[in-house]
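Have a look at the structure below before the remarks.
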Amino acid sequence: MASKGVSLKVKGKGSASKNKGSSSSSSSSDENSMCKALKDWSNWGLKKAKVIAHYGFIPLVIIIGMNSEPKPSLSQLLSPV
Amino acid sequence: MDAPTAFNATKPTVETKEKVDYFNLPCPIPYEEMHREALISLKPEVFEGMRFDFTKGLNQKFALSHSVFMGPTEIPSQSSETIKIPTAHYEFGANYLDPKLMLFGRVLTDGRVNARVKCDLSDNLTLKANAQLTSEPHMSHCMVNFDYKGKDYRSQFQLGNGALFGANYIQSVTPNLSLGGEVFWAGQHRKSGVGYAARYSTDKMVATGQVASTGIVALSYVQKVSEKCRLRGKIDSNGCVTAFLEERLNMGLNFILSAEVDHRKKDYKFGFGLTVGE
């Protein structure tokens, strides 16, 4: 479980220490699972954002550029001249 | 030249050398560009092999670029010898330049994407982001900066992946001198640091100094000798001699020659290339 949660994108912010000290009372275990869920969700979100940025950034720049004034034509985009 | 008037004490100009108005200082150079003059002359983009860049503008704001590079690249090795493996890659890029928004993207043949975004959220607040994304897990980097420009100061807050936080601040103290400081915290490596910098610039010269708790002390001095400069050369204390020549052959055609000779490591690098396009 710990290995799933750790990746380069996680901004730790001391959440590991939060988990260590609070294993006794039930309210803190509720907080514990909420923190874990939050971390898992943010990890998932960051991974998806990274994939979207990786594949979508250049197409985004091209779309924004093709819609700017004066509008270039598609043939200008594809031809090497 | 301004004619001297009774109001000179409150509205000085640099030429007349009147009393300095400390409430009207110019905005300082951004902290990361502190060593800009020194780096432009001393750190040209030397390369080894052949390089060909072609930039095609589709309209005023939008351009596509194609770049081919063939040559050896160094890989870090434990021994004292440098190991070079021959590589070749093609890079496709798209740039969009607007007064308020700049997007810069490059994609290489091995799937790496290099993206830069600069967006002016308001007159004084700018957002910059810089990312290198790869298909390999854990090898991507991203850095986001928020810059705030005040009347005679600039401040910046940085966020990076791997829990990297940084902030810096620079203030104009006199019309020629600006002082600044920075702090950063890297969560991944559990490191933090502080640094200070000072920059003194006049029309003819620029002197900068920077110290940081990471162990960096950097001092530089640049004197302006003439208006135009095409050949850049440097020699440093490692016994490494570098020369870089950028010659403009025609409108939109640049020819680049680069040479780096490291006598100590017996490592010689020569490169030539052509850049087409604005």
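Details
- The Cα center of the range A:28-62 and the Cα center of the range B:172-210 differ in position by 35 Å.
- Arranged from fewest to most other beta-carbon atoms within 10 Å of their beta carbon, B:R248, B:R36 become B:R248, B:R36.
- Whole-Å distance, taken between Cα centres, linking the range B:237-278 and the range B:95-142: 27 Å
- Exposed-site-free run, longest, chain B (rule: chymotrypsin sites (Phe, Trp or Tyr not before Pro); DSSP loop; at most 12 other C-beta within 10 Å): B:24-278
- Model label sites at A:K71 and B:E33, defined 7 Å from Cα along the beta-carbon direction, differ in position by 3.6 nm.
- Sequence of B:R199, B:R154, B:R232 once ranked by neighbouring C-beta atoms within 10 Å, starting from the fewest: B:R232, B:R154, B:R199
- Calculated FRET value between B:N130 and A:S26, using beta carbons and R₀ = 45 Å, to 0.05: 0.50
- Once backbone amide H atoms are built at 1.01 Å from N, B:G49 has B:F270, B:G271, B:F272 as its partners under 5 Å, excluding neighbours fewer than 5 places away on the same chain.
- CD proxy at 222 nm, helix term only [per DSSP H run n ≥ 4: -39500 (n - 2.57); per residue of the protein assembly as shown; nearest 500]: -5500 deg cm²/dmol
- Sorted by Cβ density within 10 Å, fewest first, the residues B:I40, B:I85: B:I85, B:I40
- Those residues of the range B:68-105 whose amide nitrogen sits under 17 Å from the label point placed on A:I64, 7 Å along Cα→Cβ: B:93-105
- Computed over the protein assembly as shown, the quotient of the alpha carbon radius of gyration and 2.2 N^0.38 Å is 1.21.
- Under a model in which nothing but the beta-carbon of Lys, Arg (+1) and Asp, Glu (-1) is charged, the protein assembly as shown shows a dipole of about 900 debye around its Cα centre.
Since every read-out is calculated from the coordinates, none of them should be taken as a lab result. None of the values given here were measured: they were computed from a predicted structure. A quick note on method: Cβ atoms are made from the backbone with ideal geometry, for glycine too, and the neighbour counts reach across all protein chains shown.
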